[in-house]
Structures are given as C-alpha cells and as structure tokens.
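This report refers to the structure that appears directly beneath it.
Just so it is clear, none of the values below were taken in a lab; they were calculated from the coordinates. Computed from a predicted structure; not experimentally measured. Methodologically, a virtual Cβ is constructed for each residue, glycine included, from the backbone with ideal geometry; neighbour enumeration extends over all protein chains shown.
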Amino acid sequence: MSEVQRRINSLSPSRANDFKTCPLLFRYKTIDRLPEPPSTDALRGTLVHEALERIYDLPRGSRAVKDAHNFMDVAWENVVLEDGEVTKLFASQEAIDIWLASGRELINRYFQLEDPNNFEPSEREVHVEYEQPSGLLLHGYVDRLDQAPTGEIRIVDYKTGRSPKAGYEEKAFFQLKFYALVIWRSRGVVPKLLKLIYLGNSETLPREIDETDLLATERSISAIWLAIRKNHETGNWPATPSRLCDWCNFKEFCPEFGGTLLPLPEVWKPVEPSA
C-alpha cells in the first residue's frame, strides 16, 4: 500500500475526532497536511509522556519522582539538540525554567494518583492496528496497557490538561474505545477497563466496557468513514463553525472566516464515477 493509499484508507481516533469537529479541519490536517505552529502545551505533554513511559524502564520498587523529573529534563535537552529554534517559543530562560517546572508538577501529580512501583505495565506507547474487512485500517498509539494475571486488559491514557466537565467525557472516551475495539478485533480480547488520568487537575476517570460498547463504537467509526468517503468522492469538505474555531490554525483558509479555500491536492481530487 502506497503512502497516499494508506492515508486515504486509514483512520486514527484523533483524525476521526477532527472529522466530527469539522470536515474542513480534517481535510487540512489529513489531506493537505498543512503544518501547524508549535505549541508549548503540546511540547510539554510530549516530554511528560516520555518521562512517564521511561519511568517503567527502572526496576519495580525503585521508581521515584526525581527519576521521572530527570527523564523529562533529558527529553527537553534532546529536543533542543535536534532543533535549537525551539527555545524561541519562549521569551527568556526564566520562561523556560517556569515551563519546565510546570511539567515537573504534572509528574508530581501522577505520582500522587498512582504509585508506579505497585504494578508492571504489559506494554507502553504501543502501536495498535486492525484492518477491517472493508480495507479501512484502524490504528493509534496507546500510552499504557496493563494486564491482570487472569488476563483482563486495562487501557490507560495520560492527559496533561484538565478533565472535561461532567457530561462532556464522551469525546475522550471515544479515543480509548477506539483503541479497545482495535485490540478486541486484532487480539480477540475485550479490554475490561478504560482509564483516563488527567494531570492538569489530578483526576482519574475509569470506565468499564463490554462488547456492546465496542460494537456501538464500531458502528460509529463506520458511519464516520462512510461520510469521509462521500466527501472524497464529491471533493466537498464543508466547514462546521463552533466554539472550537477559536483554537483553529487554519482560519486564513476557511471561507467561514473570510479565508480562501485551498485547492485540493491532485491525489485527493474527487473520484471519477465508474462507467
């Protein structure tokens, strides 16, 4: 499968959520692959995730918060070595120090919510994928999988932001249900528990699931994919204005904000109808 074919025939939770938010946003991220400006919040999240992944490299019983801090600092040093321009995101060295300290505080909160010495994850930062009979490839990266001696699987996802307000958790749980579906279809085991760990406000959201939940998720994904294919066939990717537009990086190319719509890349032109 070529890279273009793979992009056309694959779906991740983040891209599915992009499409549900706004088809034009999906287009600009997935089809046009427009670059987005770097974000200090996203970068901090990457560093914290790496630290929480690497802490489990240490022997059980010796995993200390100071070690996780060190892993985050090393990750930052590596980022600077790879791209010295990243420091220009900050006004001063003092701003960098404050930003790094905020990342260490998120790690501190993790250790308050879980003791990493109490268990051994079965997998970390694992890529999961499953190709449906339709040819659609479902894939994504799972922060952590825990497996009980009796075989039950728990999917864990770290969030460096704050937990959603009551009644708005479904978008976050969709991501984990997506992973659970892929694991069920590819491994034959239904994950028993989903766990969201929000470090921004020290909250953990657990949810038990079963086959009924995953079948509903599978139907939702199929509906999203049918809509994506329809848009591909027509070449029409409409914008869906919402409050989330305040954080969109592509307003200059959005007609809803007076921007000029970019032409479709050649490989994503509308599909010619069959004779």
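Things worth noting here:
- Qualifying trypsin sites (Lys or Arg not before Pro) for the stretch 18-64 [loop in DSSP, other Cβ within 10 Å: at most 11]: Arg33, Arg60
- Under the simplified labelling scheme, the Ser62-Glu105 pair shows an inter-label distance of 3.2 nm, with each label point 7 Å from Cα along Cα→Cβ.
- Matching the structure-derived volume of the Cα convex hull per residue in Å³ against the labelled list (i) 141; (ii) 164; (iii) 126 gives the label (ii).
- Annotation: the antiparallel percentage among DSSP beta bridges lying fully within the chain is about 70.
- Within the stretch 117-219, trypsin sites (Lys or Arg not before Pro) in DSSP loop having at most 11 other beta-carbon neighbours inside 10 Å: Lys165
- Distance distribution note for the stretch 183-275: the fraction of Cα pairs above 16 angstrom is 74%.
- Relative contact order for the chain: 20 percent, from Cα pairs under 8 Å spaced at least 6 residues apart, divided by residue count.
- Helix-derived mean residue ellipticity, 222 nm - over the chain, DSSP H n ≥ 4, -39500 (n - 2.57), to 500: -13500 deg cm²/dmol
- Phi-derived couplings, Karplus 6.51 cos²θ - 1.76 cosθ + 1.60 at θ = phi - 60°, listed residue by residue for the stretch 212-218: 4, 4, 6, 5, 5, 5, 5 Hz, with x used for Gly and Pro.
- Largest to smallest principal axis extent of the C-alpha atoms in the stretch 1-137, angstrom: 47, 41, 27
- Extension gain, Leu81 back to Arg33 (0.36 nm per residue minus Cα-Cα distance, nm): 14.7 nm
- For the chain, the longest principal axis of the C-alpha atoms and the axis of helix 65-82 are separated by about 50°.
- For Gly140, residues with placed amide H under 5 Å, excluding near neighbours: Val128
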